[in-house]
Amino acid sequence: MKFFEFFRKESEASEGKIIIMILLAGASNGLLISLINAGAEMAANLKVEARIFFLYMLAFALYIITQRYALSESIVALEGAVRKVRLRIAGKIHRTELQFIEKAGQGEIYNKLTQDSNVVSQSIIFAIFSAQSSIVLLFTLFYIAWISFKIFLVCVATISTIILLRISINKKLTESIKKAFKKETQFFDVLNHLLRGFKEVKINRKKNEDLYKEIETISIETEELKIAAGIQSINLVMITRLGVYFLLPVIVFIMPLFYFVDQDSIYEITSATLFIIGPINVIMVAMPMLTRADVAIKSLYDLEHTLDKVISGHDDTEGEILALPEAFQKITLSDLSFHYTDKENNSLFSIGPVNLTINRGEILYIIGGNGSGKSTLLKLLTGLYYPDEGSISFDDRKIHKNNYQSYRELFSIIFTDFHLFDKLYGLRDIDPEQVDSLLRLMKLDEKTKYLEKRFTNMELSTGQKKRLAFISAMLENKPICIFDELAADQDPYFRKQFYEVILQDLKKQGKTIIAVTHDDHYFHTADRVLKVEYGQLSEYQS
């Protein structure tokens, strides 16, 4: 099973100690049945021996101590393994590329790192009890063999048949669980649309109804898949019970007729057979959960394997260090092109070839309609996308994949779909007075404060959030600032302040400004205005 392979590979616990404790717990549990039978036989003959009682209590104490140790140490070890894998995958996510995140989807990544890892965590108790019950089962079978080897063979044949039937059903169960997991991811994605797009949905009844219908459809499909998996799990349990309850009448009613079993041993064998029902039921109940854990583990490793392939093609963690920002004079885009493609590699949208030179300290405005390629151009310019053709030069130095990260460090950027962090991650030795000054400049000092290294209030309007994002960008103090529709959702006063004062002050500081805007009233404040149309870049003619 993948679960046990995962435990051995990822945990840092002493496996030997845990295995020994599981063996001792299983053996002591199995020993209890023989001691109970011995005590019952003595009681039937009106004999009582303290030795049997004390042995029973000793075996019972050993069982409790070893089982508790095995369970507690296994939980600690597995949670450590899950933490290790989650952190390893998270570490690879932060080294991967934007295109992977956009294509993989947040739903799939969230689902694997939360739901799948939780399934693995919850499986350890089932795994321990299953392993222990298997030992008890083996011990009890040896006990039956000691009493009657013929009955032992019948038991082995019955259990073997059960196992073979289980293997067949378990394949279908695994497939059903995989489909259910995948459908759960789709549900998360659609639910995310409802939550993130609630404003748009709330004012559009038809959109609201269609989205809810989609949620309803996926929920029904998920329910059907889970029901199918549940019924297959029930079949696994019922097959086991049918086998055991078939075995009992064979032993009690049929085999004595043919003298395959000693009449004096019927009681001991019957009680031993009844005793194994417990361990078998535990194993059968655990198997579906362990199957789910196997599917979850495979899902986590598949995500990690995909990340490894992406990273191996674009690993820039060892990129060379570029010259200090003060040294650069221009950035040149030469015949830069990028293509969005579908799964069959058919082109859906292209941008370029783009030829552009950006001079240090200039203000550059970019205009264009929705879907024209403005955001894609910014992602190419900042190194978030790798071009399919063409190149980027930093002064006379070409930017390659091994130094892309160093190049990206030149930029502070606020996209239209920016994410606002409550803490100033990545900044060291922050001056609270500088933050307070910027909050006053952005008219946010009465809305939020900077205390204990975080902003106290994030429940702001869209325009206020953009201004708070601007503060974070200014504190980064990068040589190139990119603002994607930053002045949108702002009042006329701030727009005028933004274009005529703030951007001009940044230019005086030697900053290079690239702003996507539709405010044609302020085009005169830029050094140049460029237009993007159908993926092509050209000089704007007023």
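The values are calculated or read from the model by the stated rules, or taken from the named source; none is laboratory data. Keep in mind that this is a model prediction, so the values were computed, not measured. Virtual Cβ from ideal backbone geometry, glycine too; neighbours counted across all protein chains shown.
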### When residues of the range 391-411 are limited to those that are in contact with a helix residue (DSSP H, G or I) (Cβ under 9 Å, 6 or more places away or on another chain) and assigned to a strand (DSSP E or B), the one surrounded by the most Cβ atoms within 10 Å (Cβ to Cβ)
392
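What are the residues in the range 216-233 that are more than 17 Å from residue 167 (Cβ to Cβ) and either hydroxyl-bearing (Ser, Thr, Tyr) or surrounded by fewer than 16 Cβ atoms within 10 Å (Cβ to Cβ) (or both), if any? Break it down stepwise before answering.
Let us first name the residues in the range 216-233 that are more than 17 Å from residue 167 (Cβ to Cβ), namely 216-228, 230-231.
216, 217, 219, 220, 221, 222, 223, 224, 227, 230, 231, listed by residue number.
Against the definition (within 29 Å of residue 521 (Cβ to Cβ), in a loop (DSSP other than H, G, I, E, B) and free of Cβ contacts under 8 Å to residues at least 40 places away in the same chain), how does residue 370 come out, yes or no? Reasoning before the result, please.
Working: within 29 Å of residue 521 (Cβ to Cβ): yes; in a loop (DSSP other than H, G, I, E, B): yes; free of Cβ contacts under 8 Å to residues at least 40 places away in the same chain: yes.
Spelling it out, residue 370 is indeed within 29 Å of residue 521 (Cβ to Cβ), in a loop (DSSP other than H, G, I, E, B) and free of Cβ contacts under 8 Å to residues at least 40 places away in the same chain.
Residues to consider are 187, 149; find the one that is of a type in the set (Phe, Trp, Tyr), at pLDDT 80 or above and more than 30 Å from the chain's Cα centre (by Cα). Explain how you work it out, then say what you get.
On the way: 187 fails: more than 30 Å from the chain's Cα centre (by Cα).
Residue meeting the stated conditions: 149.
Working carefully through the options 467, 495, 454, find the one that is modelled with pLDDT of 85 or more, assigned by TED's automatic domain parsing to the domain that holds residue 434, farther than 22 Å from residue 409 by Cα and not hydrophobic (A, V, I, L, M, F, W, C). Step through it out loud before you land on a result.
Numbers: 467 fails: farther than 22 Å from residue 409 by Cα; 454 fails: modelled with pLDDT of 85 or more.
Sole residue among the options that is modelled with pLDDT of 85 or more, assigned by TED's automatic domain parsing to the domain that holds residue 434, farther than 22 Å from residue 409 by Cα and not hydrophobic (A, V, I, L, M, F, W, C): 495.
The rows are residues; the columns are (1) surrounded by fewer than 20 Cβ atoms within 10 Å (Cβ to Cβ); (2) under 14 Å from residue 422 (Cα atoms); (3) among the polar types (S, T, N, Q).
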| site | (1), (2), (3) |
| --- | --- |
| 459 | yes, yes, no |
| 470 | no, yes, no |
| 476 | yes, no, no |
| 489 | yes, no, no |
| 510 | yes, no, no |
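Residue-by-condition table, conditions (1) closer than 25 Å to residue 312 by Cβ; (2) at pLDDT 80 or above; (3) outside any helix (DSSP H, G or I):
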residue: 5; (1), (2), (3): yes, yes, no
residue: 38; (1), (2), (3): no, no, no
residue: 48; (1), (2), (3): no, no, yes
residue: 65; (1), (2), (3): no, yes, no
residue: 73; (1), (2), (3): no, yes, no
residue: 78; (1), (2), (3): no, yes, no
residue: 84; (1), (2), (3): yes, yes, no
residue: 116; (1), (2), (3): yes, yes, no
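Please tell me if residue 26 is assigned to a helix (DSSP H, G or I), out of contact with any Leu (no Cβ under 7 Å at 6 or more places or on another chain), small (Gly, Ala, Ser) and at pLDDT below 85. Outline the logic, then answer.
Working: assigned to a helix (DSSP H, G or I): yes; out of contact with any Leu (no Cβ under 7 Å at 6 or more places or on another chain): yes; small (Gly, Ala, Ser): yes; at pLDDT below 85: yes.
Criteria met by residue 26.
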### Message
Just to be sure I understand the filter: pairs with C-beta atoms under 8 Å, separated by 6 or more residues or on different chains, first member in the range 179-191 and touching a residue at least 40 places away in the same chain (Cβ under 8 Å), second member aromatic (Phe, Trp, Tyr) and in a helix (DSSP H, G or I). Which pairs pass?
### Response
188/110
### Task
Name every residue in the range 45-96 that is more than 27 Å from residue 16 (Cβ to Cβ) and either of a type in the set (S, T, N, Q) or in contact (Cβ under 8 Å) with a residue 40 or more places away in the chain (or both), in order of residue number.
45, 89, 92, 93, 95, 96
